[in-house]
Each structure stands twice: as C-alpha cells, then as structure tokens.
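Working notes for the structure below.
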Protein chains: 2
Amino acid sequence: MSEQKSDPEGLDEFAIIAKYFAPLSEASTGAVGLTDDGALLACENVVPGSQERLAVTTDTIVAGIHYFHDAPAKLVAQKLLRVNLSDLAAMGARPYAYNLSLAINDRVDHAWLGDFAAGLGVEQKNWGISLVGGDTVRTPGPVTLTVSMFGWVEPAKRLLRSNARPGDIIYVSGTIGDAGLGLKILRGEIEAGGAADVEFLKNRYYLPAPRTKLAAAIAELAGSGIDVSDGLVADLGHICQASGIGADVKLADIPFSEPARRVIEHSNLRDDACLDLIASGDDYELLFTVPGWHGGEVEAVCAGLKIPVSPIGTISASGGRVRILDTNGQEMKIETHGYKHF
Amino acid sequence: MSEQKSDPEGLDEFAIIAKYFAPLSEASTGAVGLTDDGALLACENVVPGSQERLAVTTDTIVAGIHYFHDAPAKLVAQKLLRVNLSDLAAMGARPYAYNLSLAINDRVDHAWLGDFAAGLGVEQKNWGISLVGGDTVRTPGPVTLTVSMFGWVEPAKRLLRSNARPGDIIYVSGTIGDAGLGLKILRGEIEAGGAADVEFLKNRYYLPAPRTKLAAAIAELAGSGIDVSDGLVADLGHICQASGIGADVKLADIPFSEPARRVIEHSNLRDDACLDLIASGDDYELLFTVPGWHGGEVEAVCAGLKIPVSPIGTISASGGRVRILDTNGQEMKIETHGYKHF
C-alpha cells in the first residue's frame, strides 16, 4: 500500500538509517552499513572448537504501554537493549549483535532519534555488541520498537526453565521490587521519599542490570533459570509450569533494597506493600534453581563476582504453583501475581 | 509499565502463544515450544564443510499502511513471510527459520489469529522453514507485525547491491507492475477488467513469488542483485548508489504481463500508465546485473529452471542514476520513482 508523503523534517527512511543507525553498525562487516537487504551473522565468531549455537531473543515495546510517551529517548534505547541482554543472560548466552525495527510517528523528530541512537551507542560499548540490521516504517499509532538480539551459547550450558527439581534451592540476584517502586514514583502514585532513594529507584526502572556474567558463571551448577521480567512470583511460576514442580518461597528471605524499604515506610503504601513488589516486575534479576549440593559452590562463585544472590526458598514436588510463606510457614494470600501482558 | 487488563476473549499472551504459535515451532528443537526466553539457532544446520553464514532480514508491516485493515489474515501472514523470503533470496540465501513479533489490538480476535497462523503454516510447508521465537504485546494503535528471517549463505555467493559494473546487463525476473495494478484494483481506483485478469493481479499483490531458486542459481554468475520491493526504478537506483554507477533501461524491454496490459487498455488509466508500473513496487521480482560474457549462461540457467528473465538495459559508468529510455533512445521523464517509506 505505497503511500507518498512529504516530510518537512527530512525524516526519510534512508536518511534516518544513514544518519542515526549506520554508524552503529560499523563494527559489523556483515551488516554492510545497513544498505543491503539484510545482514550476515558471523558463525565463525564462536569459541574455536566449541559447540556454540546462536541464541535469539525478541522484545517489542510500545510507547504509552511499555514506556512513557515522554520518557527520555536515550533511556528508552538503553532499557530496550538491556531487556534483551537480560533475556540472553537467562539463556546463559554471551551477547553478540542485534536487529532493530522502528515504527515511528509524527512525534518523532531529529532530537528524539539522536538521543535514541546515543542510548544504543552507550550500550553497544558497554556490552561489545553492534547493530546488524532492521527496518524503519511509519505508523499512525504509538512508536513501536522491536529488538531481536543474538548471542552465543553452548547448548549444554543453556539455562532452561524446565530443569528445576524437587529439593533445589531457589536463588535470586540483587534486590526485587525497586523497578516497580520506581515506576510508581514516575507515575506520581506515591509520595516520594529522600531524593537519593527516589533517584536510585527510578534508575532501577530505567536501567536494569542484565546478569550476563552471573548467568555464565553459574550455568553449569544451576538447574533452571529465568530473568525476572513479569514479577518474581509470575516468573517463578513459569519455572514451576515448565518443570512440573512447585515452589515454596519465604517472604522474609526475599531481598529488598534499603531505598525500597525506606520509601515504603515513608509513603502512603500499606505496611505489607512488599507483597506487591514481588509481583511488580521489571527487575531483570536472575532467578535460578540449584541442587542442594551445589549451593555452597554457587554462593562462592557469586561472592567472587561480587554479585549478591539470596536463597529465597526451595522447589517442592507438589502442585506446579508458587507459595509465599510468612515467618510462621503459613501460606500468604497474594492478590496480584505479576505482569499480565494483555 | 505493567498494566492489568481483563480480556473477555481470553486473549492472554501465553494462551495465544500456546494455541496459535507453539504448533508452528514444533520442527525446531531450539525453540523449546516458544516457552523459554529465546531460541537457539542450529549453526550445525549448514552444508557440511562449507563456509555458510547466517543471513538475517527484517520487515515490519503496519495495518492500514502496509496492508488493508480488512485484508484476509491468512494472506497478510503469507505475504509477510514471502516478503522476507524475497529479501533472503536477494542475498542469495536459502531460508531456514523466522522470528515473529506481534503488536495486536482489540480488533484482533480468535478468528483473525487462527487465519493468520494458518497462513504462516502454509508458507512454512512451502519453504521448509519454522517459527523459532518472538514476542506478543498489546497496542492501542494499528496491528504491527515484525518478522526477522534467517537463512544460510556462503559469503562468496552473496548477492550484494554494490557489485554492479559498467557494461553489465541488467536482468529482471517475471513481470513488473502486476502488484501495483492489483493494489489499485483493491483500492477501487481503477475500473476492473475481466475477472480472471483482476484475480491474477490481486493475487500478484497478495502472494509475491520469492525468487529463491533463481537467486541461488545465478549467484555465481551475477554481479549485483536486489529484490524489487520499492519499485523497479527505485531499487535499480539503490544498486546504482551502492555501486557508484548508472543504469540505462529501455521501457520497451521491461516485461509486463498480458493481464496488466489488458487492464491498462480497458481502464481509465492513461496510455503510458506503464511508466507508473515501473515505480509501483511490491513486485518482489529479482533484479540483477550480469557481466556481458555470462549473459548467455544466465539465460540458459533460467530457461532450465523455467523462470522467465528479461534483459532490460545496461549499466553505465556515469551518473549514479537510472535513465528510462524510449524507443528512440531518448530519456523519458518519470514523475514518481518508487515507494517512499515516509
């Protein structure tokens, strides 16, 4: 349905690619400066003699749904790549390259594109990845961005959701719920606490820290693994479903950050607001299960990497569901389980 | 920006994946039934001993822009895959697998999803490809679909836009302009001709024929190549730009189908409407350049494959632009050069 449209801003597809995106593909000879029909991925870029395979993840985000219309474009780009990096980490893969598809509308101008490309550039440097291809189209709807990211992984080291076994210890990295609180602050839903705490929580929402190193380090010790994107309870539920087991988690053992605890205390949220945090999502921490005899080894590896991990419960044989237990070992009632995509 | 939303149709992301898309991934063990964080692509799936690399193409289509809101979902799916297959063909790659990202809205129901998945299934069988991953989100805007398709190609056999040389013969496969006329008919912009002609032209718009076999067969004889998606003049222009050469094309040598000629003759279009057809796009024919001494060989190969190709002009040293020549060798004035994406 060809449509000709003049564009006062000069935002022609080819001009956009040449100006903003081709520079991001310079490190990748297979991308041919994004001027051809597609890119070649270098399968020779595997560890020599290894059985490495190409891992692929895909995320689509829509303005107004997955990020605020007025969110800084640089942060939108950074988060988009980090979310995909987190997916790769959850597979045990090391990042390599990515594809970007943009559906943009009249609200997008040169300033937005420049900031967006700058954000991509920052993460490319951080992670040693580069842009290899994609598409750019115009939409009458909200800006819609899709990234497919590619990484390398030895199939035997792949973290799957389906490998949890009864008796496994459940670990989670970092802290849970910061991003959820950051989002509430950005939405103006809670009274802000101290400026430093607010900044920390917003930052945790905008700039998740993909657990790439951690996942690679524990891959051979862990059973199953997933990144926490939909919420701790929901994502642990995905593991339960894929592995056909249940999970018992002690609320008191779930790690919350000091800023999160302080903001909850000083806000208008109810005292048990922690229960909402474990369903709030956007954490991008690594949730994984480890057979008991590997527990000590995992904790030593994580200490060596200076990445905090917490044992939060155990896998049970029963039920296929997640139970959150209070300090008396009683199951707590949870109202929301996690992010529903629709 | 987590949002909870009840859905009377039961169109939950996981339900949609399980019901409509997981069955399409069954042939791909690396996809794990679309239940994990991403897919593994089998790099061992290369021709043994070859230097094959993974080729990647990406296309995004938006309802109301790239296809009609009320277009049959099955045909939308088929065209989406065929357009990506055409991109792979233009790289000289053989198709292997694809990723699908759907941003869907309230107009999408089970019937649409069922038809859409059926269309994907038809093309999977036709081309021996399978779904390996993707994402499903909800949008308040128009349905937006992104496919990344993967294929295998020996880098030395890759068709590039940048390898055209002065003196090369310019070839195009099949016929040009059918899809453009089909689109005009679908839009109600021209008086329809005979029913069979109308059906043929609409079909050419909805179901382009990726030139996968042809591209593989001529890869080592051809210089440059591209698939005609933006329009013959525009896409030849891409070759001129990438190769730093010019192109002289004789209008009389451009292949038009009999149905196209008849519809133009019987319609309200002006007599030189053929000039519009070479800029109308959506043809997905293969446009390629061949050094003169390989011309006979290329024509023999194509005859063997029973795929019609036509020599339509020659590459010149000058200008970096496309000249369309009339029967007297005079340059013709063209008003539109091809599809502008914005």
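Look at A:Ile190 and say whether it is buried (at least 24 other Cβ atoms within 10 Å of the Cβ), more than 14 Å from chain B (Cβ to nearest Cβ) and either touching a helix residue (DSSP H, G or I) at 6+ places or on another chain (Cβ under 8 Å) or more than 30 Å from A:Trp293 (Cβ to Cβ) (or both).
Values: buried (at least 24 other Cβ atoms within 10 Å of the Cβ): no; more than 14 Å from chain B (Cβ to nearest Cβ): yes; either touching a helix residue (DSSP H, G or I) at 6+ places or on another chain (Cβ under 8 Å) or more than 30 Å from A:Trp293 (Cβ to Cβ) (or both): yes.
Spelling it out, it is not the case that A:Ile190 is buried (at least 24 other Cβ atoms within 10 Å of the Cβ), more than 14 Å from chain B (Cβ to nearest Cβ) and either touching a helix residue (DSSP H, G or I) at 6+ places or on another chain (Cβ under 8 Å) or more than 30 Å from A:Trp293 (Cβ to Cβ) (or both).
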inquiry  = Report every pair of residues separated by at least 6 positions or lying on different chains whose Cβ atoms are under 6 Å apart, first residue within region A:273-301 and away from chain B (no Cβ under 14 Å), second part of a helix (DSSP H, G or I) and not β-branched (Val, Ile, Thr).
reply    = A:Val301/A:Ala217
inquiry  = Please go through region A:235-250 and give me each residue that is open to solvent by 20 Å² or more (accessible area, probe 1.4 Å) and of a type in the set (A, V, I, L, M), ordered by number.
reply    = A:Ala242
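From the list B:Leu236, B:Leu286, exactly one residue is within 20 Å of B:Ala90 (Cβ to Cβ), in contact with a helix residue (DSSP H, G or I) (Cβ under 7 Å, 6 or more places away or on another chain) and not small (Gly, Ala, Ser). Which is it?
None of the other options fit; the residue is B:Leu286.
What number of residues within region A:246-257 are touching a helix residue (DSSP H, G or I) at 6+ places or on another chain (Cβ under 8 Å) and of a type outside the set (A, V, I, L, M)?
As a first pass, look at region A:246-257 and keep what is touching a helix residue (DSSP H, G or I) at 6+ places or on another chain (Cβ under 8 Å): A:246-247, A:249, A:251, A:254, A:256-257.
Subsequent filtering for residues that are of a type outside the set (A, V, I, L, M) retains A:246, A:256-257.
Within region A:246-257, residues that are touching a helix residue (DSSP H, G or I) at 6+ places or on another chain (Cβ under 8 Å) and of a type outside the set (A, V, I, L, M) number 3.
If a residue has to be of a type outside the set (Lys, Arg) and either farther than 18 Å from A:Leu54 by Cα or open to solvent by 10 Å² or more (accessible area, probe 1.4 Å) (or both) to count, how many in region B:139-159 make the cut? Write out each step before concluding.
Going residue by residue through region B:139-159, those that are of a type outside the set (Lys, Arg) are B:139-156, B:159.
Applying the additional criterion that residues be either farther than 18 Å from A:Leu54 by Cα or open to solvent by 10 Å² or more (accessible area, probe 1.4 Å) (or both) yields B:139-146, B:154-156, B:159.
The total comes to 12.
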message = Can you report the number of residues in region A:165-184 which are surrounded by fewer than 24 Cβ atoms within 10 Å (Cβ to Cβ), of a type in the set (A, V, I, L, M, F, W, C) and either without any contact (Cβ under 8 Å) to a residue 40 or more places away in the chain or under 23 Å from A:Lys306 (Cβ atoms) (or both)?
response = 1
message = For region A:73-97, give me each residue that is touching a Gly at 6+ places or on another chain (Cβ under 8 Å), of a type outside the set (A, V, I, L, M) and either part of a loop (DSSP other than H, G, I, E, B) or facing chain B (nearest Cβ under 9 Å) (or both).
response = A:Asp87, A:Gly92
inquiry  = Which numbered condition in (1) hydrophobic (A, V, I, L, M, F, W, C); (2) under 23 Å from the mean Cα position of the chain (by Cα); (3) at the interface with chain B (Cβ under 8 Å from one of its Cβ atoms) is the only one that A:Val137 fails?
reply    = (2)
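Within the group A:Gly38, A:Gly92, A:Gly49, which residue is over 18 Å from A:Lys125 (Cβ atoms) and either modelled with pLDDT of 95 or more or surrounded by fewer than 23 Cβ atoms within 10 Å (Cβ to Cβ) (or both)?
On the way: A:Gly38 fails: either modelled with pLDDT of 95 or more or surrounded by fewer than 23 Cβ atoms within 10 Å (Cβ to Cβ) (or both); A:Gly92 fails: either modelled with pLDDT of 95 or more or surrounded by fewer than 23 Cβ atoms within 10 Å (Cβ to Cβ) (or both).
So the residue among A:Gly38, A:Gly92, A:Gly49 that is over 18 Å from A:Lys125 (Cβ atoms) and either modelled with pLDDT of 95 or more or surrounded by fewer than 23 Cβ atoms within 10 Å (Cβ to Cβ) (or both) is A:Gly49.
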request  = Scan region B:97-116 and give yes if some residue there is open to solvent by less than 40 Å² (accessible area, probe 1.4 Å), in contact with an Asp or Glu (Cβ under 8 Å, 6 or more places away or on another chain) and of a type outside the set (A, V, I, L, M), otherwise no.
outcome  = yes
request  = Would you check which residues across region A:304-321 are in contact with a Gly (Cβ under 8 Å, 6 or more places away or on another chain), loosely packed, with under 13 Cβ neighbours inside 10 Å and either basic (Lys, Arg) or in a helix (DSSP H, G or I) (or both) and list them?
outcome  = none
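Pick out the one residue from B:Arg270, B:Arg204 that is surrounded by 15 or more Cβ atoms within 10 Å (Cβ to Cβ), assigned by TED's automatic domain parsing to the domain that holds B:Cys302 and out of contact with any His (no Cβ under 7 Å at 6 or more places or on another chain).
Values: B:Arg270 fails: surrounded by 15 or more Cβ atoms within 10 Å (Cβ to Cβ).
From the options B:Arg270, B:Arg204, the qualifying one is B:Arg204.
Okay, residues lined up against (1) closer than 23 Å to B:Ile17 by Cβ; (2) among the hydroxyl-bearing types (Ser, Thr, Tyr); (3) away from chain A (no Cβ under 12 Å):
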position: B:Gly119; (1), (2), (3): yes, no, yes
position: B:Trp127; (1), (2), (3): yes, no, yes
position: B:Leu131; (1), (2), (3): yes, no, no
position: B:Val143; (1), (2), (3): yes, no, no
position: B:Phe150; (1), (2), (3): yes, no, no
position: B:Glu154; (1), (2), (3): no, no, no
position: B:Ala164; (1), (2), (3): no, no, yes
position: B:Asp178; (1), (2), (3): no, no, yes
position: B:Lys184; (1), (2), (3): no, no, no
query = Just wondering, is there one or more residues in region B:226-243 that are more than 27 Å from B:Asp59 (Cβ to Cβ), of a type in the set (Gly, Ala, Ser) and more than 20 Å from the chain's Cα centre (by Cα)?
reply = no
ask   = So which of A:Val290, A:Val301 is open to solvent by 30 Å² or more (accessible area, probe 1.4 Å) and among the β-branched types (Val, Ile, Thr)?
value = A:Val301
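With respect to A:Thr212, is the statement that it is more than 30 Å from A:Leu54 (Cα to Cα) and not aliphatic (A, V, I, L, M) true?
On the way: more than 30 Å from A:Leu54 (Cα to Cα): no; not aliphatic (A, V, I, L, M): yes.
No, not satisfied.
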message = Quick test of your reading of the structure: B:Gly281 fulfils all but one of (1) open to solvent by less than 20 Å² (accessible area, probe 1.4 Å); (2) closer than 22 Å to B:Glu154 by Cα. Name the failing condition by number.
response = (2)
key: Which numbered condition B:Gly33 fails, given (1) at pLDDT 85 or above; (2) open to solvent by 10 Å² or more (accessible area, probe 1.4 Å); (3) small (Gly, Ala, Ser)   = (1)
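The values are calculated or read from the model by the stated rules, or taken from the named source; none is laboratory data. Predicted model, so just to flag it, every value in this text is computed and none were measured. Cβ coordinates were reconstructed from backbone atoms using ideal geometry, including for glycine residues, and neighbour counts include every protein chain displayed. What goes into the accessible areas is simple: the full protein's heavy atoms, side chains included, and nothing from ligands, DNA or RNA. Shrake-Rupley method; radii C 1.70, N 1.55, O 1.52, S 1.80 Å.
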